[in-house]
1. For segment C:58-129, what relative contact order do you get, as a whole percent, if you take Cα pairs closer than 8 Å and at least 6 residues apart?
2. Using a 1.4 Å probe on the protein heavy atoms, what percent of the accessible area of the protein assembly as shown belongs to carbon and sulfur?
3. If R0 is 25 Å, what FRET efficiency do you get for B:Phe87 and D:Leu288 from their C-beta distance, rounded to 0.05?
4. Using DSSP to call loops (not H, G, I, E or B), can you name the trypsin sites (Lys or Arg not before Pro) in segment B:19-89 whose Cβ has at most 11 other Cβ atoms within 10 angstrom?
5. In peptide C:195-206, how many Cβ atoms from other protein chains are near each Cβ within 10 Å, on average?
6. R0 = 35 Å: FRET efficiency of D:Val34 with D:Glu92, Cβ-based, nearest 0.05?
7. In this model, which of B:Lys8/D:Lys307; B:Lys56/B:Lys84; A:Lys38/D:Lys84; B:Lys56/B:Lys133; B:Lys56/B:Lys142; A:Lys131/D:Lys49 are farther than 22 Å apart at the alpha-carbon?
8. With springs connecting C-alpha atoms under 10 Å apart, model chain C as a Gaussian network and identify which of C:Leu96, C:Leu45, C:Leu151 has the largest mean-square fluctuation.
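The values are calculated or read from the model by the stated rules, or taken from the named source; none is laboratory data. Quick caveat, the model's predicted, so the values are computed rather than measured. Because the Cβ atoms are built from the backbone with ideal geometry, glycine has one as well, and the counts that use them run over all protein chains shown. For accessibility, only protein heavy atoms count, side chains too; no ligands or nucleic acids. Shrake-Rupley method; radii C 1.70, N 1.55, O 1.52, S 1.80 Å.
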Amino acid sequence: MTEDATITTQHIVDQLGSAFPQAGIEPVAAKDPMVRVKPEHLVEVATYLRDQAGLDYLSHVTGIDYSDRIEVLYYLYSMKRHLGPLALRVSLSRENPQVPSLVSLWSGADWQEREVYDLLGVVFTAHPNLKRILLWDGFPGYPLRKDFQGEPEPPFRHSY
Amino acid sequence: MYGLGILKGLWVTLKHYIDTYIGDGIFTVQYPEERLPLPPRFRGNPVLIMDTATGKLRCVACGICVRACPNGSIALEVGTDESKKKFPERYDINGGTCMRCGLCVEACPFDALASGPYYELASYRRQELIYDKHYLTLPPDKIPSYHAR
Amino acid sequence: MWDLVYDLFPKISQALNAFLRGFLPGWGADLAVIVLVVTVLLLGLAALFMVQTWLERKVIGRMQDRFGPNRVGPLGMLQPVADGIKMFTKEDVTPLRADRLAYNLGPILIIVPAMAVYAVIPFGKGMVGADVNIGVLYLVAISSLATIALLAAGWGSNNKYSLLGGLRAAAQIVSYEVPMVLSMLTAVMLAGSMSMVKIVEAQGGLFGLGWYIFFVPIGPIAFLIYFTCGVAEVNRAPFDIPEAESEIVAGFHTEYSGMKFALFMMGEYIQAFAVSAIAVTLFLGGWQGPVLPPYVWFGLKTFSLWFVLMWLRGTLPRLRVDQLMAFAWKFLLPVSLANIFLTGIGISIVQILTK
Amino acid sequence: MLKTDTIVVNMGPQHPSTHGVFRMVVTLDGERVVNVDPVVGYLHRGVEKLAERGTYLQFMPLTDRNDYICAMNNNLGYAVAVEKLAGIAVPERAEYIRVIMAELGRIVNHLILVGFLLNDLGAFFTPVLYCLREREKILDLFEMASGSRMTCNYMRFGGVAADLPEEFLPRARKLVASFPAFIDELEALLSTNEILVARTRGVGVLPADAAINGSITGPMLRASGVRYDIRRVEPYSIYDRFDFQVPALEHGDSYDRYMLRILEMRQSVRILEQALAQIPAGEIQTRLPKAFRPAPGEAYARTESPKGELGYYVVSDGSGNPYRIKIRPPSFINISILSQMSVGWKVADLITILGSIDIILGEVDR
């Protein structure tokens, strides 16, 4: 990758498609540049983005439950070249959500992936320490899933 | 030089020490005896405004505040009076779950709610934290935030 | 009349002795006076502890732009009494699986040496518990006994924080003992005696202003080293690492509650006051001073040093344990050794000149 | 041969210097830290789930309670995110008010940090109380404007909740004018103090590349020498109008992290001076429909909170309730590097490093 100052995130998105033809690169219409990737190619695409495209900073990892699928988002920026954002998305099945972990690329992904695992039940394969982080071990279910049923809220009572 | 920074720090504290005797160094307010004036916008738990002329509540029991409350702390029971006008038969605020965000006051389209001036709210029993209509009713001149608007 | 005020306490004791001799044999009267004086001294130390805590809270409060305690009694003066009542009525908890012997011995072991130190400190002219001719040696020997108490407390509590605190305390006190003793030697060499009374009397020149701290440069250096080591010896800020509350909660007294905890505090405060008193005796001329009565001078000087201790506590953060040790061994020890060397040379020169 | 053993100490959840309910399982070899295993979650309230339950506006008071030291900055972050999602413009005066509040919030946060860092270093409450005294004055301003000292709930989508009261601007100007003198005094008390320097210089060094790799943001990152401030890189609100510097220091040790906060406070004062001088009259709120329903879509907006990058990822499904709100809390991610930074140091340094990271458990656990 050239150290061209005029390079924009859009260029990176364009190049990504040609660099990884088999990775299912598919731009997503959104407010920020966003690309959907097949989960099994996530690590190589992310490695390319970090090392070649210079997006060296993983801002955050998020999971969203869309009722029919679970998507995991990775927001990438470049700190050195003030580029970004470029978001990577992976779609996963709700029954068996599995995605390779990016801890080997960004140590900052460690706790965030644990949080997504904790709250949404996405399994990050090859994560060194995939345990619940905010909730306790043995908590039933994954609270941020839309079909999560917690204990029913007590109604507003007038006497205690 | 080694020790100079420490001496500088010591000088600062000594200055503060002397200031409390000869200057206005003391900053604390002796709370139960001295009280700071309540700012007009102070956000206590909401109170119902009573019209001083008629002695009736302005509230028409529309229920917008109940829907605006993030915590569901308001319980409203609607009643109708002789002239078929709606009024709050019961209007309870659960002070234990109310977080004094003031969204109900903002939502009220009739200016019937205002942020109250109450701030010493500790109680021994949770039951005492449920404020009923009589506790919450105040005339406008007792409500600092009402005049601020 | 002025004579009476000037020598108030010795006069009282003499009068008492004379009064008791009226109906007691001579040895009996002496014994009674000794018992009385010791009792008054011990009670006085307990009262001193209360005054100290009150003063410290007031002074540090003022340094932090607040009043300090002012609710109980006038100016909050009854606050220590209220604290005392609280401490007495609190539940005394012994941790499960504590080493009970060590655990219970800790508070006692810390209070006894703290009080025993006062036996040789001259509070005024003729006001000394025991004028021993090895006074300084006694001081050093007694005051280092506190290490055992802290270790016992740290070990006995069966708590990891306590253990760390106890070990830190032992390491710290043992290290700081060395430069402290060496700096005390300066005063001993100048006075030519180990007796506390003699050391004070030797500083009586220049209308009572011949204090060793004015013997530039050796006096101030020795004083500063002694005072620094003294602060470290009694675990006060900035050397309070054995009870560093932000790191190891409360160190060796984490598990103590009620009166045992109060005894620890009392031991520390009384020791801290003793450090001020010893510094005054050795370097600031003890009770020597113009015009004012000796005990007033002594009190003034000691409380000024105590103010400095509070002031340091109100200002400084604490050192780290290895920095603390490095400071003792790499800085204080060589400097105090050099200071002794200088003192020796100075004394020899003066001796040669005056021969 | 001497046989030694490591001991495991549970620091927290009740410990004087973990700043809340935070636990560190520390393995110690004597005084040396062999391993740190941070345990969080004691304050987990499920804020992200609570957001899905209410309307967009009803989440605003909950943002106060994430980083409860500087609620204004959290309000701002959420408001900016929803405005980006729904495409709402903000009136000029409201933007200025937001900047004033955010910078005051930054000063409050840094005051607390400096004060409590010194407490962790063993100062007996004096720096804390000096800092808290100044903080009180700022909280008075917050209370004057919003009605609450800490849980301000002041920002609204497309503006702020209420216009500034009349006496606000004179008082704020007076406070800002007197503030540099206070920072000077604080620096005289602390910055050159040999004990503070000895305790923090070279302790807990975080190299720049490790910081970037660990997603560290905010003052921690800038103390490691990366000049990256979202106010400058991706200006939100009206930060592009103000003349201020982004301070960065090179060592990345605890002293630099302390010093950077002092420098940032000075820059905040600069921004405040300009904002208080330029603030125009006018509207403070864009009128929104009674039932606020943004079009379906997703938006991520990030702001520079005092602790680092504070982002809100808001997903709308077209209804009145947010479909999903993800908070990117700066201190949750900053604290994750603690064990990497503190292994090999003494217990006392561990506390120093933790104090210099600047965590708020309300935000870490959410």
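1. 11 percent
2. Here carbon and sulfur together make up 62 percent of the probe-accessible area.
3. 0.25
4. B:Arg35, B:Lys84, B:Lys85
5. The shielding value for this peptide is 0.
6. 0.05
7. Those over the limit are B:Lys8/D:Lys307; A:Lys38/D:Lys84.
8. Result for chain C, Cα springs under 10 Å: C:Leu96 fluctuates most.
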